[in-house]
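Engineer: The following block contains the structure, expressed as structure tokens.
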There are 4 protein chains.
Amino acid sequence: MSFASGRHFLQIPGPTNVPDQVLRAMSAPTIDHRGPQFAAMVPPLLEALKPVFGTTGDVVLYPSSGTGAWEAALVNTLSPGDRVLCFETGHFATLWQAMARDLGLEVDFVPGDWRHPVDPAEVSARLTPETKAVLVVHNETSTGVTSDIAAVRRAMGDHPALLMVDTVSSLGSIDYRHDEWGVDVTVSCSQKGLMLPPGLGLTAVSAKALAASGGSRRSYWAWQPIIEANKRGAFPYTPPTNLLYGLREALHMLHSEGLPEVYARHARHAAATRAAVQGWGLELLCLDPSAYSNTLTAILVPGADHVREVILDRFDMSLGAGLGKVAGEVFRIGHLGHFNDLSLAGTLSGVQMGLQIAGVPVKDGVSAALSLLAEA
Amino acid sequence: MSFASGRHFLQIPGPTNVPDQVLRAMSAPTIDHRGPQFAAMVPPLLEALKPVFGTTGDVVLYPSSGTGAWEAALVNTLSPGDRVLCFETGHFATLWQAMARDLGLEVDFVPGDWRHPVDPAEVSARLTPETKAVLVVHNETSTGVTSDIAAVRRAMGDHPALLMVDTVSSLGSIDYRHDEWGVDVTVSCSQKGLMLPPGLGLTAVSAKALAASGGSRRSYWAWQPIIEANKRGAFPYTPPTNLLYGLREALHMLHSEGLPEVYARHARHAAATRAAVQGWGLELLCLDPSAYSNTLTAILVPGADHVREVILDRFDMSLGAGLGKVAGEVFRIGHLGHFNDLSLAGTLSGVQMGLQIAGVPVKDGVSAALSLLAEA
Amino acid sequence: MSFASGRHFLQIPGPTNVPDQVLRAMSAPTIDHRGPQFAAMVPPLLEALKPVFGTTGDVVLYPSSGTGAWEAALVNTLSPGDRVLCFETGHFATLWQAMARDLGLEVDFVPGDWRHPVDPAEVSARLTPETKAVLVVHNETSTGVTSDIAAVRRAMGDHPALLMVDTVSSLGSIDYRHDEWGVDVTVSCSQKGLMLPPGLGLTAVSAKALAASGGSRRSYWAWQPIIEANKRGAFPYTPPTNLLYGLREALHMLHSEGLPEVYARHARHAAATRAAVQGWGLELLCLDPSAYSNTLTAILVPGADHVREVILDRFDMSLGAGLGKVAGEVFRIGHLGHFNDLSLAGTLSGVQMGLQIAGVPVKDGVSAALSLLAEA
Amino acid sequence: MSFASGRHFLQIPGPTNVPDQVLRAMSAPTIDHRGPQFAAMVPPLLEALKPVFGTTGDVVLYPSSGTGAWEAALVNTLSPGDRVLCFETGHFATLWQAMARDLGLEVDFVPGDWRHPVDPAEVSARLTPETKAVLVVHNETSTGVTSDIAAVRRAMGDHPALLMVDTVSSLGSIDYRHDEWGVDVTVSCSQKGLMLPPGLGLTAVSAKALAASGGSRRSYWAWQPIIEANKRGAFPYTPPTNLLYGLREALHMLHSEGLPEVYARHARHAAATRAAVQGWGLELLCLDPSAYSNTLTAILVPGADHVREVILDRFDMSLGAGLGKVAGEVFRIGHLGHFNDLSLAGTLSGVQMGLQIAGVPVKDGVSAALSLLAEA
């Protein structure tokens, strides 16, 4: 597409469409991170962030991608040689356990078909006395499958292993309860439900995780100095000031809408998307209806990459590709973040037209989605 | 709607959705309007504007609304007591002739039903030897009816009256040819097809209009000093620098897409909208298919204002109200400016759902629109 | 200067340096000017504007330059053939009376040397029974001379003529009291003390002025329909929405600093500038110390335009040229709007270095300015 | 200062004043980092970055602070237990060697007085057969002392140790030649000479460093996957897209001015600052004139923190505090990045006035600075 009129539809499952007001907030001048204005900004910002994690404990921010926050989770709590239990729910679960190996951990990687959530029964079955941590992806960005974290935690019983959860594509979009569910480390990033550009890694840390203090070498990722500095509104390194401006605005937006309303909105949009998929007569990657993701939908279709190219070229919409072992077999629709009914209607319309143009014989699915949206 | 996630759908027939890049261009620092940097900006800006009017002659910009450019057209060319011929095609034609009366002109106002374009036969029939100017609205923003300017001009034959045309909601969206059609004064503004915020009035002026120099008192609106100053990159008053930054960017966008492509896009979106209306089983205000507007569609529906309120409240979309004598009887969908297929799909989806929620018994119209968009 | 690092110093007496936060406010998306969000914005905006004029009466905004507001003042209150009394205090007073003539008024233009304010004794002396209005420029942008409006009003005694005052380069920077001083029409614009880009004309109107309702032809500039529409948060034409966003932010800034503090700041900066001029051994254009302007300083120097060119080229600072009959003989330093001590220090440093580089034999004046600023 | 009119003077030695155009570039919508538009942006961006490092080899970017790039340098090339040679030139050299210890390296830390650069003779004297790397800070942000990297390299002779250099506060401001000087790893960040907000770590890597591939555990910081992905315009993690937009604009600005011109500007501003310090009769922290920094100046003064507070309060200017063992004894003026003569004049004026107000008996130093600036 040589020139595209109108606004691009960024319907990958992140980065999501950054709200104008967040971009404007981020374009304020950078200030002295050691001055009083900055120091006054930090504590309320962290307080506003905690309810999104469902915690009253510590949250830690880094200038990093989400993968940086993954690394932080591991090197702050574990020692090389420690065993961790991981579940192959999809591409990102696979990458996280590969990182764990790179960092010297021993990984028990429970195989999976990328179409089901973590099975709590498997969790109890696979735990060993040597297991130091269980790593679970809450919402698999590559598959659109959401695992039940509370059930995973229950399945761990009173095993002393830490529970670490990746909420990269769920935080701020799907109800999440770090404290209530007994999670030790929750990892996330800025560019999905938090509606920011990429560049910020976020972590909620339980007291137990903080006390674990594994033997891995660490400096940049060390939680303790950050938590200490944050108490006086500072950071042990130069913080990403303009992203923090954006975070402040994004949190203000989430709290203005109301977190329950935000979660309900995502649930409604996901249901409408699935109604469209059903109308099209296509198959969801996720095989477990109780695990359908509220933030993205992965759809099996032959020639999925061609469909995406047609849609990008004809309708200026970006969709997510199949990743890893489902590459070329699925495409993914992101319906999270700063989003509304009419943008979803435009998104689904574009997918439907693109499928038809690409020669996939689909019937009307948009009408079903609209019916559902109109009812709500 | 207490809080709205996602981007507002501004589907009134102007102001239109201002592109992000135009807003960013406008947020550059204001510069010295008497300095070399400003002087270098003006001539290429005016040159880039001329093809949009279809002229190689003079164009004049004001810090004003479009009504200011209306006034400029009249006071630069006519004298109090002069006769002008106007046609009641809708609300804005009615306002323009009312302005002409306020400015001391004698108006022959040909009545109309707001559902048809100007009839060229009426033009020739109504011209008198005293007629000094014919005033026509190219695209009636209140009705979605487009008049055939070339035919109007032909109908004037060799009558010496000036032809003045309001292109407020057509310029930059519908093919327009100031020179080729023999128009003397073309009036427009920034906030429609030019994709800018309101605040800029624009006029193309023929040599004949410039020579007319009527006896009306004028200062702010006087063309000659502006045209003279523009030649050296200046203005006789402090120009609206930041809107000019925006205009430069908007013109760059229009020319990047290509004016023929821009016009074709608008035609396609209008056709898709009418396909939806037909699907809904609703009636267009415009009764002449050859006069359907490419930039907006006015639809007759009982309780039109309630429908708009429902849509604003439930779907965060602004639609145009019925104005003047069709108040409460129609609503208007703007489909012009910075716009694309998926935004149109979202728009039509929102209208359909809103109609249903408001209790208007409509069938599916979106599918028909999508079929048309997918074919194109 | 092919490429300039750092921020341009825009030290002309307007447009002034627009604050970042105002530019950001203006880059919010344009909204429906007939919708509830817009309607809710207008009344508090007008209320916040009134104290800047020193009025509790009506204020009227236009998409226009300040010259548009000049025209509005005249055509709303006077009839062609009416006599008005004007004073040649400088370039803009000369332009305003020229506009009055263009609009058909009879002008008594009291000559002046551009170096003194309006003499109240002349006001009483020149008033005739036919005088319908007295037009005075509060702060002459071309000369840096401020006239005493209260004294002018007193000199008019109980003469029924309207008093109209141009506050283009004083409003929001120099204490001004429309009501207390008995002014009938106060004219201003956006791009000076109000810290906005150009594009907005502003007027405060007394009940007497409103009742005057002269016989001049008018439509765009007519106050009454605007005042009526404003009561319900609307405008009779499409308003310049994004400039109104900026105005809201700018007024918030002025009131946050406090109007008395804003006026004191301007007085202090003007005094420091004059201290520098004295240090340089140069001559002020203004000969009356009681009339020194707090917003700009005009300085007599041979080769003034060359000095300005050197300063623009070497130091990326724009200064005001001599206008009209002092063209080439003076340059003007604007020290108004969004400005502070260190920017003033940089400004005066640039002027001093530029004078020296241009070969004007000046001694150090910056030190004197800094002494004064440090004391304050 | 409850409310500050005018622009804040951010004269800490970083973050520096981010140019408006960089902030605007960064406020463009985030795009799909796996799409063609993103892929097309990356290679030219990296190419434009290389000359700033003085390299034709690999450069690697991270979403991180500069400390992240420090860590990357160490964990990519060294193994726990490796010996590194460090020099106590100031606070940041001290922090970097502390990080090296945290990461399991053995550090030979050559003590210093924070007032001199690295002594090349010490380099050769302290190298041992076990030394695996020499770590040097090019320009100590805490002291304003610049070390001679070429001389350090020469002093290493043909010792096989890697040379790693921190250019956090010199890159893009002081001439630097990674290839020519034989540096192996050059570490930097976004928020100083590159004129961006913080959030981006940058590294130039020699072929030798790349081949070293030490035994430290690493994942996030691993160079090889990044370099591989960059070749096809991608990153192995979600990159900080909006900071990359800003980097593109900032590099465009640096190359438009010309790197030699940028370096000369910084040298001139540093000389002018020292002229002011001499005028004030104060003492520089740096005792070696050949090592004066071109980007910041640290000044010894009793009550330095009080001076800074006065200046922040009265003149809305942020200066750098003394850090580490010179805390409270010095303050630092940053004169780097997007900066010009008049902003420097304002800065020095503010320092002078602040010193006087704080009761430090200083004479005029600004005049000397202005003389130097006017000559240039």
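Engineer: Tell me the relative contact order for chain D as a rounded percent, counting alpha carbon contacts under 8 Å between residues six or more apart.
Structural biologist: Result for chain D is 24 percent.
Engineer: Is the protein assembly as shown best put as rounded, prolate or oblate by its Cα gyration tensor, with a ≥ b ≥ c the root eigenvalues, rounded for a/c under 1.5, and otherwise prolate when a/b is larger than b/c, oblate when not? Don't skip to the answer; put the middle values down first.
Structural biologist: Details: a/c = 2.26, a/b = 1.21, b/c = 1.87.
Since a/c reaches 1.5 but b/c is at least a/b, the shape of the protein assembly as shown is classed as oblate.
Engineer: Report in % the part of the accessible area of the protein assembly as shown that belongs to carbon and sulfur, leaving out ligands and nucleic acids; probe 1.4 Å.
Structural biologist: Values: 23840 of 45210 Å².
Result for the protein assembly as shown: 53 percent of the exposed heavy-atom area is carbon or sulfur.
Engineer: Taking the rotation that carries C onto D, look along its axis and tell me which residue of C has the beta carbon nearest to it, distance in whole angstrom.
Structural biologist: Checking which Cβ lies nearest the axis yields C:Gly346, 2.
Engineer: What nm distances, shortest first, do you get from the label point of A:Ala151 to those in the other copies when the point sits 7 angstrom along Cα to Cβ?
Structural biologist: So the distances to the same position in the other copies read 6.8, 6.9, 8.7 nm.
Engineer: For D:Lys231, go through the aspartates and glutamates and keep the ones whose alpha-carbon is under 13 Å away, minus same-chain ones fewer than eight residues off.
Structural biologist: D:Glu47, D:Asp58
Engineer: State to the nearest 20 debye the size of the charge dipole of region B:21-256 about its Cα centre, where the only charges are +1 on K and R beta carbons and -1 on D and E beta carbons. Don't skip to the end; give the middle numbers.
Structural biologist: Details: 18 positive and 23 negative charges, 136 e Å.
Using Cβ point charges on Lys, Arg, Asp and Glu, region B:21-256 gives about 660 debye.
Engineer: Choose one of B:His8, B:Thr141, B:Ala93: the residue whose Cα lies farthest towards the positive end of the charge dipole of chain B (beta-carbon charges +1 Lys, Arg; -1 Asp, Glu; about the Cα centre).
Structural biologist: The one lying farthest along the dipole's positive direction is B:His8.
Engineer: DSSP loop trypsin sites (Lys or Arg not before Pro) in region B:223-328 with at most 16 other Cβ atoms within 10 Å of their Cβ, which ones? Working shown, then result.
Structural biologist: On the way: sites: B:Lys231, B:Arg232, B:Arg248, B:Arg265, B:Arg268, B:Arg274, B:Arg308, B:Arg314, B:Lys325; in loops: B:Arg232.
Here the sparse-neighbourhood loop sites are B:Arg232.
Engineer: Right, here's the next one. From the Cα gyration tensor of region B:12-66, with a ≥ b ≥ c the square roots of its eigenvalues, which class applies: rounded if a/c is under 1.5, or else prolate if a/b is larger than b/c, or else oblate?
Structural biologist: Numbers: a/c = 1.89, a/b = 1.08, b/c = 1.75.
Oblate is the answer for region B:12-66, as a/c is 1.5 or above yet b/c matches or exceeds a/b.
Engineer: Moving to a separate point now. Go through region D:326-336 residue by residue and turn each phi into a ³J(HN,Hα) via Karplus (6.51, -1.76, 1.60, θ = phi - 60°); whole Hz please, and just put x for glycine and proline.
Structural biologist: In residue order, the calculated couplings are 10, 4, x, 9, 10, 10, 10, 9, x, 9, 9 Hz.
Engineer: Also, quick follow-up: Hey, what number do you get for chain C at 222 nm if only DSSP H runs of n ≥ 4 count, each worth -39500 (n - 2.57), divided across all residues, to the nearest 500? Present the calculation step by step, with values, prior to reporting the outcome.
Structural biologist: Working: 13 runs with 157 residues, N = 376.
After summing the helix terms and dividing by residue count, I get -13000 deg cm²/dmol.
Engineer: Short version: which residues of region D:213-235 lose at least 10 Å² of accessible area, all chains versus chain alone, 1.4 Å probe?
Structural biologist: Those are D:Arg217, D:Arg218, D:Ser219, D:Tyr220, D:Trp221, which lose 10 Å² or more relative to the chain on its own.
Engineer: Taking both sides together, what accessible area is buried at the C/B interface, probe 1.4 Å, expressed in Å² and rounded to the nearest 100? It would help to have the intermediate numbers written out before the result.
Structural biologist: Values: alone 14660 and 14670 Å², together 25860 Å².
Counting both chains, the buried surface is close to 3500 Å².
Engineer: Right, something else. Quick one: among A:Asn17, A:Asn139, A:Asn340, which has the greatest mean-square fluctuation in a GNM of chain A with alpha-carbon springs under 10 angstrom?
Structural biologist: Maximum among the listed residues: A:Asn340.
Engineer: So the label point sits 7 Å from Cα along the Cα-to-Cβ vector; using that for D:Gly258, what distances do you get to the other copies, in nanometres, sorted shortest first?
Structural biologist: Its label point is 4.1, 5.1, 6.3 nm from the equivalent points in the other copies.
Engineer: Something else: In region A:323-347, what residues drop by 40 Å² or more in accessible surface going from the chain by itself to the full protein assembly, probe 1.4 Å?
Structural biologist: With the partner chains in place, region A:323-347 has these residues losing at least 40 Å²: A:His338, A:Asn340, A:Leu342.
Engineer: Using 0.36 nm per residue of separation minus the Cα-Cα distance, give me the extension gain between B:Glu130 and B:Lys363 in nm, one decimal. Present the calculation step by step, with values, prior to reporting the outcome.
Structural biologist: Values: separation 233, 0.36 × 233 = 83.88 nm, distance 5.29 nm.
Taking B:Glu130 through B:Lys363 to full extension adds about 78.6 nm, to one decimal.
Engineer: Which of the residues in region B:102-137 show a loss of at least 10 Å² in accessible area from their chain by itself to the complete set of protein chains, at a probe of 1.4 Å?
Structural biologist: In region B:102-137, residues shielded by partner chains: B:Asp102, B:Leu103, B:Gly104.
Engineer: Another question, if that's okay. Using a 10 angstrom cutoff on alpha carbons, build the Gaussian network for chain D and name the most mobile of D:Val42, D:Val118, D:Val262.
Structural biologist: Highest fluctuation among the options: D:Val42.
Engineer: Here's another thing I want to ask about it. When each copy gets a label point 7 Å from Cα toward the beta-carbon at D:Asp305, what are the spacings between them in nm, shortest first?
Structural biologist: Ordered by distance, the counterparts are at 5.7, 6.0, 6.5 nm.
Engineer: Same structure, new question: Report, in listed order, any pair from D:Lys50/D:Lys208; B:Lys325/B:Lys363; D:Lys192/D:Lys325 with a Cα-Cα distance greater than 20 Å. Don't jump to the answer; show the numbers that get you there.
Structural biologist: Working: D:Lys50/D:Lys208 17 Å; B:Lys325/B:Lys363 28 Å; D:Lys192/D:Lys325 23 Å.
Correct reply: B:Lys325/B:Lys363; D:Lys192/D:Lys325.
Engineer: With a 1.4 Å probe and all protein chains left in place, how much accessible area per residue does chain C have, in Å²? Display every interim value, and only then the final one.
Structural biologist: Values: 11310 Å² over 376 residues.
Accessible area per residue, chain C: 30 Å².
Engineer: Within region D:91-173, list the trypsin sites (Lys or Arg not before Pro) lying in a DSSP loop whose Cβ has at most 15 other Cβ atoms in a 10 Å radius. Before the final figure, lay out each step's value.
Structural biologist: Details: sites: D:Arg101, D:Arg115, D:Arg126, D:Lys132, D:Arg153, D:Arg154; in loops: D:Arg115.
For trypsin sites (Lys or Arg not before Pro) across region D:91-173 that sit outside H, G, I, E and B with at most 15 neighbouring Cβ atoms in 10 Å, the list is empty.
Engineer: GNM on chain B, C-alpha springs below 10 Å: top fluctuator among B:Ala209, B:Ala125, B:Ala291?
Structural biologist: B:Ala125
Engineer: Among DSSP beta bridges lying fully in chain A, give the percent that are antiparallel, nearest 5.
Structural biologist: Values: 23 of 43 bridges.
Antiparallel: roughly 55 percent of the beta bridges in chain A.
Engineer: State whether region B:202-265 is rounded, prolate or oblate according to the following rule on the C-alpha gyration tensor (a ≥ b ≥ c being the square roots of its eigenvalues): a/c under 1.5 gives rounded; otherwise a/b larger than b/c gives prolate, and the remaining case gives oblate.
Structural biologist: Details: a/c = 2.92, a/b = 1.63, b/c = 1.79.
Oblate.
Engineer: Along the positive direction of the dipole of chain B (beta-carbon charges: Lys, Arg +1; Asp, Glu -1; about the Cα centre), which of B:Asn294, B:Leu202, B:Val168 reaches farthest?
Structural biologist: Going by the charge dipole, the pick is B:Leu202.
Engineer: Still on this structure, please answer the following. Size of the dipole of the protein assembly as shown about the Cα centre, Lys and Arg at +1 and Asp and Glu at -1 on the beta carbon, nothing else charged, in debye to 20? Could you put the intermediate results ahead of the total?
Structural biologist: Details: 108 positive and 144 negative charges, 0 e Å.
It comes to approximately 0 debye.
Engineer: Let me ask you something else. For region B:211-331, with the dipole built from +1 on Lys and Arg beta-carbon atoms and -1 on Asp and Glu ones, taken about the Cα centre, which of B:Ser318, B:His255, B:Gly281 lies farthest toward the positive end?
Structural biologist: Projecting each Cα onto the dipole axis, the largest value belongs to B:His255.
The values are calculated or read from the model by the stated rules, or taken from the named source; none is laboratory data. Nothing here was measured: the structure is a model prediction, and the numbers come from that model. Glycine also receives a Cβ, built like all others from the backbone with ideal geometry; neighbour counts cover every protein chain displayed. These accessible areas exclude ligands, DNA and RNA; they are computed on the full protein's heavy atoms, side chains included. Shrake-Rupley method; radii C 1.70, N 1.55, O 1.52, S 1.80 Å.
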